[in-house]
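> Handing you this structure, nothing more for now.
The values are calculated or read from the model by the stated rules, or taken from the named source; none is laboratory data. None of these values were measured; they are calculated from a predicted model. No Cβ is skipped: glycine too gets one built from the backbone with ideal geometry, and neighbour counts run over all protein chains shown.
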Amino acid sequence: MTCKVCGTKYSLSEGETKNYAKFGYDPPPLCFACTQKQRVCFRNGRTLYRRKCDFSGETIVSMYAPDSPYTIYKQDIWWSDQWDPLTYGKEYDFNRPFFEQFKELSLQSPHSTLTNINPDNSEYCNMCEGNRNCYLTIGGDFNEDCLYGNFNMHNRDVVDCDTSNDNEACFFILNSFDCYGCRFTFDSKNCSDCSFVSDCMGCSDCILCTNQRNKSFCILNEQLTKEEFAQRKSDLMNGTYSMQQKNWEEFLKLLSKRAVKATHNVSCEDCAGDYIKGSKNCVNCFDASDCEDCMNMIFLSKTKDSFNSGFIGDTSELCYNMQAAIAYGSTHSFTVFESKFIEYSEHIFHSEYMFGCSNVKKKKYCILNTQYSEKEYKDLRVKIIEHMKSTGEWGQYFPRSFSCFGYNESTASEIFPMSKKEAMGQGFNWRDEEDIKLDVEKVIPASDLPDSIEDIPDDILNWAIRCEKTNKPFKLINQELKFYRTHRIPRRAL
């Protein structure tokens, strides 16, 4: 088979053929990467803007640009009873394609400025659920006292944590689990008080180490006594930026010489892919934790019996062609939470039996945001499916041009980077970046900051710091500064 978008040659495995038959859909003429791009272009986690709420007029932080054609409400208003999604309902028109009708509904129904469910003092998080005292955590759920994380779950007191779960008091970690007091830690598990380590398991008090198992008091993969380690640690981890950079450069050299595992799968049975943890029968899956019987999926947690989906959260089951969901028995939809039997819909919360709906919460038996009885819903659904089959829409995901976001705004650009020419050539939207003038009175170049974190004054919270790598200004928040001081970590880059 040949992908109709990128021209890649591919074939269907026996498992894929069985899954398509089980879910009742024909295989789309797209390779794995192109199916993921088409779904994930509808997800924007980290490109945020300042704009007005279309309900109250308040200034808000939003994943939708100020000139977006969509109606955007502040989070607390969107979740309130001050508006009714059914007032935007439409009757299905069998003389028009389904996708055309859905697009009109999506443009009219109000979207929440961010997707941030049940936050506790975590207003500026997106694509998240259940975070407490968190700031700019994106796509991570049930974290506490965490800052600047991406795709992280069940962490506590962690800063700059990506695709890592169940860690505490850590800084700058990636693909690491069950760690405590670690910094600059990658592809590691069950480690404590380690720094600049990669692919270590069950280690404590190690610095500049790779591929170690159940070791303590090691530096540069050399075993030391406890006393020797303490002396060298006081020099290597002295809280200065200059020494931190020396350690980083030494660590990069160490990484270039290490042996690399074929995969980073841990505690798995009959799994194929990478970064799979505690899972069974998961094939062609990536960044999966505690999952079973899944195939062709990325970023999933505690998910069962699902296929061709991405960013699927705890307790999900029987999902097909879904993106950003905690759902059961649902297909061809995105941003669906705690809902069942959702089809061809967006932004659905705590609902059941939705078809072609947009921005609905706590409803049942709706089509195009119109309420029906159970019998009316089921009868009309059958007719719509037959109509969609006649137009060639049934079994296809939403057209990529329907996304609210430019490809470069979306999460797809982080996973599958493309140039503007490439993205638009494949039918994606694109948003040209604007020169944003920030209203900042006091700016200090990062290079002018004191070398030691202990010499950083409290007044730094009133300044913008100009990143030495991107030249963009950024500010520290009080919670962040306290963390750096506690753990003796200097910071100069955005």
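> Every residue in the range 78-132 that is modelled with pLDDT of 95 or more, among the aliphatic types (A, V, I, L, M) and either surrounded by fewer than 15 Cβ atoms within 10 Å (Cβ to Cβ) or not in a loop (DSSP other than H, G, I, E, B) (or both), please.
The answer is Leu86, Leu105, Leu107.
> Looking at the range 9-31, can you tell me whether even one residue there is within 20 Å of Ser413 (Cβ to Cβ), among the hydrophobic types (A, V, I, L, M, F, W, C), in a helix (DSSP H, G or I) and touching a helix residue (DSSP H, G or I) at 6+ places or on another chain (Cβ under 8 Å)?
No: zero hits.
> Where in the range 345-386 are there strands (runs of 3 or more DSSP E), lying fully within it, with 1 or more residues that are within 15 Å of Ala327 (Cα to Cα) and among the aromatic types (Phe, Trp, Tyr)?
The strands (runs of 3 or more DSSP E) meeting that bar are 346-349, 352-355.
> Is it true that some residue in the range 289-312 is surrounded by fewer than 23 Cβ atoms within 10 Å (Cβ to Cβ), within 24 Å of Arg39 (Cβ to Cβ) and of a type in the set (Phe, Trp, Tyr)?
The answer is no; no qualifying residue exists.
> Out of Asp76, Asp54, which single residue is free of Cβ contacts under 8 Å to residues at least 24 places away in the same chain, of a type outside the set (Lys, Arg) and not assigned by TED's automatic domain parsing to the domain that holds Tyr372?
So the residue among Asp76, Asp54 that is free of Cβ contacts under 8 Å to residues at least 24 places away in the same chain, of a type outside the set (Lys, Arg) and not assigned by TED's automatic domain parsing to the domain that holds Tyr372 is Asp76.
> Could you give me the residue pairs with C-beta distances under 8 Å whose first residue belongs to the range 370-382 and is at pLDDT 95 or above, whose second residue is of a type in the set (D, E, K, R) and not in a strand (DSSP E or B) wherever it lies, and which are 6+ apart or on separate chains?
Close Cβ pairs (under 8 Å, with a partner that is of a type in the set (D, E, K, R) and not in a strand (DSSP E or B)) amount to Thr370/Lys90; Thr370/Glu91; Gln371/Lys363.
> Failed condition for Gly140, given (1) within 19 Å of the chain's Cα centre (by Cα); (2) assigned to a strand (DSSP E or B); (3) not basic (Lys, Arg), with all others met?
It is condition (2) that Gly140 fails.
> Among the residues of the range 360-395, how many are over 15 Å from Gln101 (Cα atoms), among the polar types (S, T, N, Q) and surrounded by 20 or more Cβ atoms within 10 Å (Cβ to Cβ)?
0
> OK, next. When the range 456-494 is examined, which residues are found to be surrounded by fewer than 16 Cβ atoms within 10 Å (Cβ to Cβ), of a type in the set (Asp, Glu) and touching a strand residue (DSSP E or B) at 6+ places or on another chain (Cβ under 9 Å)?
The answer is Glu468, and nothing else.
> Ok, one more. Kindly establish whether Lys233 is in contact with an Asp or Glu (Cβ under 9 Å, 6 or more places away or on another chain), buried (at least 17 other Cβ atoms within 10 Å of the Cβ) and over 30 Å from Glu468 (Cα atoms).
Considered against the rule, which asks whether it is in contact with an Asp or Glu (Cβ under 9 Å, 6 or more places away or on another chain), buried (at least 17 other Cβ atoms within 10 Å of the Cβ) and over 30 Å from Glu468 (Cα atoms), Lys233 comes out as no.
> Right, next: Which residues, taken from the range 54-66, are touching a helix residue (DSSP H, G or I) at 6+ places or on another chain (Cβ under 7 Å) and hydrophobic (A, V, I, L, M, F, W, C)?
Phe55
> Which numbered condition trips up Ser122, out of (1) more than 18 Å from Phe337 (Cα to Cα); (2) in the same structural domain as Ser188 (by TED's automatic domain parsing); (3) in contact with a Cys (Cβ under 6 Å, 6 or more places away or on another chain)?
(2)
> Moving on. What is the one condition in (1) aliphatic (A, V, I, L, M); (2) surrounded by 17 or more Cβ atoms within 10 Å (Cβ to Cβ); (3) farther than 27 Å from His347 by Cβ that Val443 does not satisfy?
Of everything listed in (1) aliphatic (A, V, I, L, M); (2) surrounded by 17 or more Cβ atoms within 10 Å (Cβ to Cβ); (3) farther than 27 Å from His347 by Cβ, Val443 misses just condition (2).
> Which one is farthest from Ile298 (Cα to Cα), of the residues in the range 401-423 that are among the acidic types (Asp, Glu) and at pLDDT 95 or above?
Only one residue fits best here, namely Glu422.
> Scan the range 40-62 and tell me whether some residue there is polar (S, T, N, Q), assigned to a strand (DSSP E or B) and surrounded by 13 or more Cβ atoms within 10 Å (Cβ to Cβ).
yes
Here's the yes/no breakdown for (1) at negative phi; (2) among the polar types (S, T, N, Q):
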| site | (1), (2) |
| --- | --- |
| Tyr124 | yes, no |
| Cys128 | yes, no |
| Gly140 | yes, no |
| Val158 | yes, no |
| Ser192 | yes, yes |
| Leu208 | no, no |
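> Going through Asn281, Asn296 one at a time, which residue ends up being assigned to a strand (DSSP E or B), farther than 30 Å from Tyr365 by Cβ and over 18 Å from the mean Cα position of the chain (by Cα)?
Selected residue: Asn281, the only one of Asn281, Asn296 that is assigned to a strand (DSSP E or B), farther than 30 Å from Tyr365 by Cβ and over 18 Å from the mean Cα position of the chain (by Cα).
> Looking at the range 438-480, which of its residues are closer than 21 Å to Trp248 by Cα, outside any loop (DSSP other than H, G, I, E, B) and among the aliphatic types (A, V, I, L, M)?
Answer for the range 438-480, where residues must be closer than 21 Å to Trp248 by Cα, outside any loop (DSSP other than H, G, I, E, B) and among the aliphatic types (A, V, I, L, M): Ala446, Ile453.
> Got at least one residue in the range 23-38 being surrounded by fewer than 19 Cβ atoms within 10 Å (Cβ to Cβ), within 19 Å of the chain's Cα centre (by Cα) and of a type in the set (Gly, Ala, Ser)?
Checking the range 23-38: at least one residue is surrounded by fewer than 19 Cβ atoms within 10 Å (Cβ to Cβ), within 19 Å of the chain's Cα centre (by Cα) and of a type in the set (Gly, Ala, Ser).
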